[in-house]
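Following: one structure in structure tokens, then a few remarks.
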Amino acid sequence: MAVGPNTALVLSFSGVLGIYLELLRPGRIVAGCAGVALLLWGSYQLWLYRPTVEGRLLMGLAAALFMTELLVNSRYAAGVAGTFTLFYGLKRLLPASHAFNLPFLASVCVVLGLMTTFACISAREARRSKRSDLS
């Protein structure tokens, strides 16, 4: 059963949020399993619309920018750049005949970008404080 591109995007991002919940409260199992299932289903549904190489590369660049925010204190610059790159990558991901609704896409990217940026910063700070507690 094929769903529309906007619904597939919501499924994918809901899956990512479920995985984030599992990372915040490990051991609960349900959020992580549901997150993986939703992410896989949403990604498969997006794959049915034949994503472009350019969009996939831009989304990979967005993931690299979020990882940079996790590893380096960029003072939110990498997270903001990752959010904009995610938006542009998703905008270019599908052919014009199956394009996402732009206001919807912008709101979803802002929410996911903010959550990812703050999760990366929190994880970096927790790792730093753990190292200072051990010494």
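Things to note:
- Candidates T85, T116 - the one that is crowded, with 16+ Cβ neighbours inside 10 Å, in contact with a Leu (Cβ under 7 Å, 6 or more places away or on another chain) and under 23 Å from A8 (Cβ atoms): T85
- Output for segment 1-16, where each listed residue is in a helix (DSSP H, G or I) and open to solvent by 60 Å² or more (accessible area, probe 1.4 Å): T7, V10
- Only one entry in P95, P103, P51 is of a type outside the set (A, V, I, L, M, F, W, C) and touching a Leu at 6+ places or on another chain (Cβ under 6 Å), namely P51.
- Within segment 21-32, no residue that is within 17 Å of A126 (Cβ to Cβ) sits with its Cβ atom under 6 Å from a residue that is of a type outside the set (F, W, Y) and open to solvent by 100 Å² or more (accessible area, probe 1.4 Å) at 6+ positions apart or across chains.
- Residue match in segment 56-68 (condition: surrounded by 17 or more Cβ atoms within 10 Å (Cβ to Cβ), in contact with an Asp or Glu (Cβ under 6 Å, 6 or more places away or on another chain), more than 19 Å from L21 (Cβ to Cβ) and modelled with pLDDT of 95 or more): no
- From the options R124, R50, R75, residue that is surrounded by fewer than 19 Cβ atoms within 10 Å (Cβ to Cβ), touching a residue at least 12 places away in the same chain (Cβ under 8 Å) and at positive phi: R50
- All positions within segment 93-103 that are surrounded by 13 or more Cβ atoms within 10 Å (Cβ to Cβ) and not in a loop (DSSP other than H, G, I, E, B): H98
- Any chance L39 is open to solvent by less than 60 Å² (accessible area, probe 1.4 Å), modelled with pLDDT under 95 and part of a helix (DSSP H, G or I): no
- When L23, L86, L90 are checked against the criterion of being under 17 Å from the mean Cα position of the chain (by Cα), at pLDDT below 95 and in a helix (DSSP H, G or I), L23 stands alone in meeting it.
The values are calculated or read from the model by the stated rules, or taken from the named source; none is laboratory data. Computed from a predicted structure; not experimentally measured. Heads up, the Cβs are rebuilt from the backbone with ideal geometry, glycines too, and the neighbour counts pull from every protein chain shown. The area values use the complete protein model at the heavy-atom level, side chains included, leaving out ligands, DNA and RNA. Shrake-Rupley method; radii C 1.70, N 1.55, O 1.52, S 1.80 Å.
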